[in-house]
Amino acid sequence: MSIDDAGEGASRAVKAAAEALGDSLSDPVGLGHRSTVLRCRSARYGTVLVKAYSERTAFVTEASALALGAGGPELLAVDAGHPLVVMADLGQGPSLADVLLGDDAEAAEEGLLAWARELGMVAVRGADRQREYDGTRRSYEPSAVAQTAKDAASVRFLQRLPSVLADAGLTPPKGLADDLAEIGALVGDAYPGLTPGDTCPDNNLITPSGVRLLDFEAAGYPSVFLTAAYCRVPFPTCWCSFRIEPALASRAEEAYRGELLAIHPDLADDGIWHAGVRRALAAWATKLMFVFPDAMNEDRVRNSRGGPSTTVRQLLRHQCEVLHRELTAAGDLEALAETAALVLRGTERWRTPPLPPYPAFA
């Protein structure tokens, strides 16, 4: 859309961005986003992206993460008052979502492995810089909540699962509260790693120089295991979650893990690694179990944009199947394994088809 279509707010953003950049900006074109994102022409930089935020927390997080220079587009200027950032333009190209939902299996496989490696490299580049990141966040917002506090709040939310299941007519097994507390060990564990946070397959560009990650609005330093689980059960919270064969998912996981060894050599130990990933799988699957009461009444497609899609019921059952299989095989978190089985038994009457593979691998 043109700047005229974008409205007065976009015009103000371009003016503020030009002042922050110290350069004139022209020919703005809206790219569409929950924030205002405009591609503009700059005399000094060619084309740049201006991103103006409707939520200050998103600005504080993304501006602080991009300032590290560990991943994402180069940060060129910041206006904390507007608030907005000006970033280098990475150009146009397919995302990992595009190739996974396409028909080229080789491109999809290469994209997935490159994505996983880049996630690992971002963690490596951002190593030992969490204090710097937190300091920048506080400079923009003195009351900014620390990363560990945010993670702890998320874990406390997961501890509500027994009451959610009980309200839906399922009797949670004994020991579930203890297993959910065990997931809490992910908060503040010994293996933090910088991540954009929202690592869904559409938040990147596949460029000639490799995959470049986008959207650092949820960035931070959580446990690397939470990111690793996105490789083992690809994209468990995203709109385009489909199935990937275990062998390829394992290769993606190992690509990510291989990069991490530069900063966390202990993760070469399979016992440490797999125990951590199992807890992360449990965290993501537990989060999804909260949709069970609503899914009892109706199923919903996850892709509201049109095109290939799976449903909430398919994803819920798939994640519970994977979690039950992983935990049972390891003899780990037995109450959570039984909870996954409980949900599977409670959803058999749905007769939901299995989660299909990504179209590129179909």
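The values are calculated or read from the model by the stated rules, or taken from the named source; none is laboratory data. Keep in mind it's a predicted model, so treat the numbers as computed, not measured. Here Cβ is always computed from backbone atoms with ideal geometry, including for glycine, and neighbour counts include all displayed protein chains. These accessible areas exclude ligands, DNA and RNA; they are computed on the full protein's heavy atoms, side chains included. Shrake-Rupley method; radii C 1.70, N 1.55, O 1.52, S 1.80 Å.
Specify which residue in the list Ala123, Ser163, Gly331 is farthest towards the positive end of the charge dipole of the chain, using unit charges on the beta carbon of Lys, Arg (+1) and Asp, Glu (-1), about the Cα centre.
Ser163
Give me the compactness ratio for the chain, meaning the Cα radius of gyration over 2.2 N^0.38 Å.
Taking the Cα Rg and dividing by 2.2 N^0.38 Å, one obtains 1.03.
For a test of understanding, tell me how many lysine pairs in the chain have Cα atoms under 29 Å apart, given they are 8 or more places apart or on different chains.
Numbers: Lys15/Lys51; Lys51/Lys150; Lys150/Lys174; Lys150/Lys287; Lys174/Lys287.
Taking the chain as the scope, the lysine pair count is 5.
Using modelled backbone amide H atoms (1.01 Å from N, in-plane), which distant-in-sequence or interchain residues come within less than 5 Å of Thr207's amide H?
For Thr207, the qualifying residues are Arg212.
How many percent of DSSP beta bridges within the chain run antiparallel, rounded to 5?
Looking only at bridges with both residues in the chain, the antiparallel portion is about 95 percent.
What's the FRET efficiency of Arg156 with Thr207 using the Cβ-Cβ distance as r and R₀ = 45 Å, to the nearest 0.05? Before the final figure, lay out the partial values.
On the way: r = 39 Å, r/R0 = 0.88.
Approximately 0.70, to the nearest 0.05.
Would you mind calculating the gained length between Trp239 and Gln92 on full extension (0.36 nm times residue separation, minus the Cα-Cα distance), in nm to one decimal?
Details: separation 147, 0.36 × 147 = 52.92 nm, distance 2.14 nm.
My answer for the length gained is 50.8 nm.
Order 311-320, 351-360 from most to least packed using the mean count of other Cβ atoms within 10 Å.
Highest-to-lowest ranking by the protection proxy: 311-320, 351-360.
When you count, for each residue, the other Cβ atoms within 10 Å and take the mean per peptide, how do 208-220, 159-171 rank with the highest first?
Numbers: 208-220: 19.2, 159-171: 14.3.
Packing order, densest peptide first, comes out as 208-220, 159-171.
Just want the answer: with Cβ charges of +1 for Lys and Arg and -1 for Asp and Glu, which residue in Cys240, Pro265, Val312 is farthest toward the dipole's positive end in the chain?
Result: Val312.
Given the options Ala362, Leu68, Ala218, identify the residue whose Cα lies farthest towards the positive end of the charge dipole of the chain (+1 on Cβ of Lys, Arg; -1 on Cβ of Asp, Glu).
Value: Ala218.
Using the Cα centre of segment 180-275 as the reference point, and only Cβ charges (+1 on K/R, -1 on D/E), how large is the resulting charge dipole? Debye, rounded to the nearest 20.
The dipole magnitude comes to about 240 debye.
What is the dipole size for the chain, taken about its Cα centre, with +1 at each Lys and Arg Cβ and -1 at each Asp and Glu Cβ, in debye to the nearest 20?
600 debye
Give a residue-ordered list of calculated ³J(HN,Hα) values for segment 103-119 (Karplus: 6.51 cos²θ - 1.76 cosθ + 1.60, θ = phi - 60°; whole Hz; x for Gly, Pro).
10, 10, 5, 5, 5, 5, 5, 4, x, 5, 5, 5, 4, 5, 5, 5, 4
Just grab the label-to-label distance for Arg125 and Val164, each label 7 Å out from Cα along the Cβ direction, in nm (one decimal).
Label-label distance for Arg125 and Val164, simple model: 3.4 nm.
Go through 199-207, 15-23 and give me the packing order, highest mean Cβ count within 10 Å leading.
Working: 199-207: 20.9, 15-23: 17.3.
Ranking the peptides 199-207, 15-23 by packing returns 199-207, 15-23.
Provide the FRET efficiency to the nearest 0.05 for the Lys15-Arg138 pair, computing r from the beta carbons and using R0 = 30 Å.
0.60
If you build a Gaussian network model of the chain, linking Cα atoms that sit under 10 Å apart, which residue out of Ala114, Ala329, Ala341 swings the most?
Ala329
Calculate, for the chain, the solvent-accessible area per residue in square angstrom, rolling a 1.4 angstrom probe over the heavy atoms of the protein chains.
Numbers: 15860 Å² over 362 residues.
It amounts to 44 Å² per residue over the chain.
If you roll a 1.4 angstrom probe over the protein chains with everything in place, what fraction of the accessible area of the chain belongs to carbon and sulfur, to the nearest %?
50 percent
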